[in-house]
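In what follows, a structure is listed as structure tokens, so that the remarks can point back to it.
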Amino acid sequence: MWLRTSCEMSFEISVPTPFILMLRLRSGRQQWVASDEYMLTPIIPVMEFTDGYGNLCQRLVAQPGPLTIYTSAEVMTADYMDQSPGAPFVDIEYLPDEVLSFLLPSRFCESDRFGQMATAIVAGKALGYDQVKAIEDWLRNSIRFEPGNSEVPISAVEVHARQSGVCRDLSHLGIALCRSLSIPARLVVGYMYGLEPMDLHAWFEAYVGGRWYTFDATQTELRSGYVVIGYGRDAADVAIYNQFGPPVSPVVKDVRVQLLEKRHA
């Protein structure tokens, strides 16, 4: 399907403030970015770079006064999200080098704390995809999804203690459970068509059967309409903006995902 995504944020800056942004989409296995727009008001110098996870990032120094950032893109996404029940576990020695970091504990995914629990959740499941699906089902049935109820990221241990969280929090716990079984897992942030209430969304991917697959415990079933902005070990790697200096928060954050008329790719 063809989608138009957009995100607008406005800030009130008091002193010169460095920002690192992650707001530009990139094409990948299940999405093609046909066009995009990126506007800053006022116009200020921006430098773009690619981080260690392949995400497109922008650096700038905002001057005192109002700052508005607007991005939009037209994206073709896959009609169906790839799923592969029975896809096998990949032995550590055969994992690609770039996947290895997604096996390790990270700031918000303390995978070294969940080995016994993960083993119980996946008992009787075939190694690989079916284990991750069991984790996704357990999250959906055991952890309350409460959209809009968290301003700051919390760790997998905290999510388990609270028994509730936003999409990012459920993903952190899913990632920690996967990694505790030596299944590489990563956080994804982006847009989702039809999400209610509309906002940026987070889900996770696991590496089985020689590739990454999508899992989302906040939805009853996996469907098309996911648009990726960035990948990382956890929320610390995929913030849509990092700001350095006196704290500032968006005055306005407007996120939209619209279905476009059919067209030829």
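The values are calculated or read from the model by the stated rules, or taken from the named source; none is laboratory data. Owing to the predicted nature of the structure, the values given are computational and were not obtained by experimental measurement. Using ideal geometry, Cβ is built from the backbone for each residue, glycine included, and neighbour counts are taken over all protein chains shown.
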| said: Quick check on this structure: which one of ARG223, ARG256 is assigned to a loop (DSSP other than H, G, I, E, B) and basic (Lys, Arg)? | reply: ARG223
| field | Only one of ALA206, ALA176 that is under 30 Å from SER72 (Cα atoms), at pLDDT 95 or above and not polar (S, T, N, Q) | value | ALA206
| said: Restricting to the range 147-166, count the residues that are surrounded by fewer than 24 Cβ atoms within 10 Å (Cβ to Cβ), modelled with pLDDT of 95 or more and in contact with a Ser or Thr (Cβ under 8 Å, 6 or more places away or on another chain). | reply: 2
| said: Only one of LEU195, LEU200, LEU181, LEU222 is in the same structural domain as ASP112 (by TED's automatic domain parsing), touching a helix residue (DSSP H, G or I) at 6+ places or on another chain (Cβ under 6 Å) and touching a residue at least 60 places away in the same chain (Cβ under 8 Å). Can you tell me which? | reply: LEU181
